[in-house]
Amino acid sequence: MSRRRFIKNTILGSMASGVLGQSFKKPSFQNFSGPRIISTWNHGFEANKVAWKNLSSGNGGLTAVELGVRVSEDDPNETSVGLGGLPDRTGKVTLDACIMDKNNDCGSVSFLQNIKNPISVARMVMEKTPHIMLSGKGAYDFAIEQGFKSQNLLTKKSKEAWEKWKKSSDYKPVINIENHDTISMLLIDENQDLFGACTTSGAAWKIHGRVGDSPIIGAGLFLDNDIGAAAATGLGEAVIRTSGSAMVVEVMRQGASPLEACKEIVNRISKIHKNRPEWEYLQVGFIAVNKQGEHAGYSLKKGFNYALHDTKNQKMIDAKYEIE
Ligand code: GLY
């Protein structure tokens, strides 16, 4: 072997064994327990049913997660997503969403107004543009061009809630009710391929223009088809500060189970936020699924749950948590 080739091989060998970087344990692909879908919160239950129906009919994982989370976007009684989502402090409903597939293709919209199904606009950004994220008026114009209908998303109920809030104008989101109902859905199909979607109207009474974690790939949602997928719910600022979902996947890459990985990042968020003013109302939760189909949810404070749908189960699971 020439001296030059020897040096090159030695360097490549060192990289593979982790001398120049971190070496990761390769997770096993064995013991796959079948396709499944997990989604945040109670509304995930109905959303999962629609996603499962689409998956079983052969419509593919991407369509399954898109149409699944649209159940929550379409529901006027769901006050944290789509139509009927609680507005910002100026009374405007502004929506964030993102979608991601097994090939790392992804699309996202943020600060989108007057379009009921931001998740479908996010999918079109992914499929019809060279970009990943469109925001505000640009996202709206793109949606209209693609045939989406403009509509008022503020319902009688959400308008009344806003008018009531205005009397005090106190920004202290109520844990597990006002601020923490983002729907995030993760799906592993029969080929062990991963898909995810995340959609929200964001924090109620936020400053006009505020964007949370949900449209940010790596914060609200992330997947690596070799490892697993993760998604978030809760106060977006805390999730963005830690690149939450991407970090959950990276911890799984190091060999952690979905539960251990979610716990690790929630602990990190807890440490960072303990002395911050938002601590008293802070809630974050993650769900994760790995390549074997193992899944988990974990939150900072009690009260987070997620919905599971697989060949044997359709049920809600109470997530473990750090603080009572
Ligand atoms: N996780 C949703 C938000 O903070 O906007």
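The values are calculated or read from the model by the stated rules, or taken from the named source; none is laboratory data. Nothing here was measured: the structure is a model prediction, and the numbers come from that model. Don't worry about glycine lacking a Cβ; one is built from the backbone with ideal geometry, like all the others, and counts go over all protein chains shown. These accessible areas exclude ligands, DNA and RNA; they are computed on the full protein's heavy atoms, side chains included. Shrake-Rupley method; radii C 1.70, N 1.55, O 1.52, S 1.80 Å.
Output the residues belonging to the stretch 255-277 that are open to solvent by 10 Å² or more (accessible area, probe 1.4 Å) and over 12 Å from residue 290 (Cβ atoms).
Step one: of the stretch 255-277, the residues open to solvent by 10 Å² or more (accessible area, probe 1.4 Å) are 255-257, 259-260, 263-264, 267-268, 271-272, 274-277.
Listed by number, the residues that qualify are 263, 264, 267, 268, 271, 272, 274, 275, 276, 277.
So for the stretch 127-149 (the condition being in contact (Cβ under 8 Å) with a residue 24 or more places away in the chain, open to solvent by 30 Å² or more (accessible area, probe 1.4 Å) and hydroxyl-bearing (Ser, Thr, Tyr)), does at least one residue qualify?
There is at least one residue in the stretch 127-149 that is in contact (Cβ under 8 Å) with a residue 24 or more places away in the chain, open to solvent by 30 Å² or more (accessible area, probe 1.4 Å) and hydroxyl-bearing (Ser, Thr, Tyr).
Working only within the stretch 50-92, note down all residues that are among the hydroxyl-bearing types (Ser, Thr, Tyr) and more than 18 Å from residue 233 (Cβ to Cβ). Steps first, please.
So in the stretch 50-92, the residues among the hydroxyl-bearing types (Ser, Thr, Tyr) come out as 56-57, 63, 72, 79-80, 90.
Within the stretch 50-92, 56, 57, 63, 90 meet the criteria.
Look through 196, 202 and report the one residue that is within 16 Å of the ligand (Cβ to nearest atom), small (Gly, Ala, Ser) and not in a loop (DSSP other than H, G, I, E, B). Spell out the reasoning first.
Numbers: 202 fails: not in a loop (DSSP other than H, G, I, E, B).
That would be 196, the only listed residue that is within 16 Å of the ligand (Cβ to nearest atom), small (Gly, Ala, Ser) and not in a loop (DSSP other than H, G, I, E, B).
Among the numbered criteria (1) aliphatic (A, V, I, L, M); (2) within 16 Å of the ligand (Cβ to nearest atom); (3) in contact with a Phe, Trp or Tyr (Cβ under 9 Å, 6 or more places away or on another chain); (4) open to solvent by less than 50 Å² (accessible area, probe 1.4 Å), which single criterion is violated by residue 247?
Every condition holds for residue 247 apart from (4).
Does residue 298 qualify as being open to solvent by less than 20 Å² (accessible area, probe 1.4 Å) and either more than 15 Å from the ligand (Cβ to nearest atom) or without any contact (Cβ under 8 Å) to a residue 40 or more places away in the chain (or both)? Before the answer, list the steps.
Details: open to solvent by less than 20 Å² (accessible area, probe 1.4 Å): yes; either more than 15 Å from the ligand (Cβ to nearest atom) or without any contact (Cβ under 8 Å) to a residue 40 or more places away in the chain (or both): yes.
Spelling it out, residue 298 is indeed open to solvent by less than 20 Å² (accessible area, probe 1.4 Å) and either more than 15 Å from the ligand (Cβ to nearest atom) or without any contact (Cβ under 8 Å) to a residue 40 or more places away in the chain (or both).
Do we have any residue at all in the stretch 216-225 that's in a helix (DSSP H, G or I) and either touching a helix residue (DSSP H, G or I) at 6+ places or on another chain (Cβ under 7 Å) or hydrophobic (A, V, I, L, M, F, W, C) (or both)? Break it down into steps so the answer makes sense when it comes.
Step one: of the stretch 216-225, the residues in a helix (DSSP H, G or I) are none.
No, every residue in the stretch 216-225 fails to be in a helix (DSSP H, G or I) and either touching a helix residue (DSSP H, G or I) at 6+ places or on another chain (Cβ under 7 Å) or hydrophobic (A, V, I, L, M, F, W, C) (or both).
For the stretch 225-244, give me each residue that is more than 8 Å from the ligand (Cβ to nearest atom), charged (D, E, K, R) and over 30 Å from residue 30 (Cβ atoms).
Start the filter on the stretch 225-244 by keeping residues that are more than 8 Å from the ligand (Cβ to nearest atom), which leaves 225-231, 238, 240-244.
Okay, now just the ones that are also charged (D, E, K, R), so 226, 241.
Once the filter is applied, which keeps residues that are more than 8 Å from the ligand (Cβ to nearest atom), charged (D, E, K, R) and over 30 Å from residue 30 (Cβ atoms), the stretch 225-244 yields only 241.
Return yes when residue 222 is more than 12 Å from the ligand (Cβ to nearest atom), among the aromatic types (Phe, Trp, Tyr) and open to solvent by 30 Å² or more (accessible area, probe 1.4 Å) and no when it is not. Step through it out loud before you land on a result.
On the way: more than 12 Å from the ligand (Cβ to nearest atom): yes; among the aromatic types (Phe, Trp, Tyr): yes; open to solvent by 30 Å² or more (accessible area, probe 1.4 Å): yes.
The answer is yes for residue 222.
Only one of these is closer than 20 Å to residue 197 by Cα and either free of Cβ contacts under 8 Å to residues at least 40 places away in the same chain or part of a helix (DSSP H, G or I) (or both): 249, 289. Name it.
On the way: 289 fails: either free of Cβ contacts under 8 Å to residues at least 40 places away in the same chain or part of a helix (DSSP H, G or I) (or both).
Going through 249, 289 in turn, the sole match is 249.
Among the numbered criteria (1) surrounded by fewer than 24 Cβ atoms within 10 Å (Cβ to Cβ); (2) under 19 Å from residue 228 (Cα atoms); (3) among the β-branched types (Val, Ile, Thr), which one does residue 65 miss?
All conditions pass for residue 65, except number (1).
For the stretch 30-53, enumerate the residues that are more than 11 Å from residue 183 (Cα to Cα) and either open to solvent by less than 60 Å² (accessible area, probe 1.4 Å) or among the acidic types (Asp, Glu) (or both).
We begin by selecting, within the stretch 30-53, every residue more than 11 Å from residue 183 (Cα to Cα); these are 30-37, 46, 49-53.
Within the stretch 30-53, 32, 34, 35, 36, 37, 46, 50, 51, 52 qualify.
If I filter the stretch 163-193 down to residues being closer than 18 Å to residue 83 by Cα and either away from the ligand (no atom under 14 Å from the Cβ) or at pLDDT 95 or above (or both), which single residue comes out as farthest from the chain's Cα centre (by Cα)? Spell out how you get there, then give the answer.
First, the residues of the stretch 163-193 that are closer than 18 Å to residue 83 by Cα: 163, 177-184.
In the following step, the residues that additionally are either away from the ligand (no atom under 14 Å from the Cβ) or at pLDDT 95 or above (or both) were identified as 163, 183-184.
Details: 163: 29, 183: 7, 184: 4 Å.
Looking at the filtered set, the residue picked out is 163.
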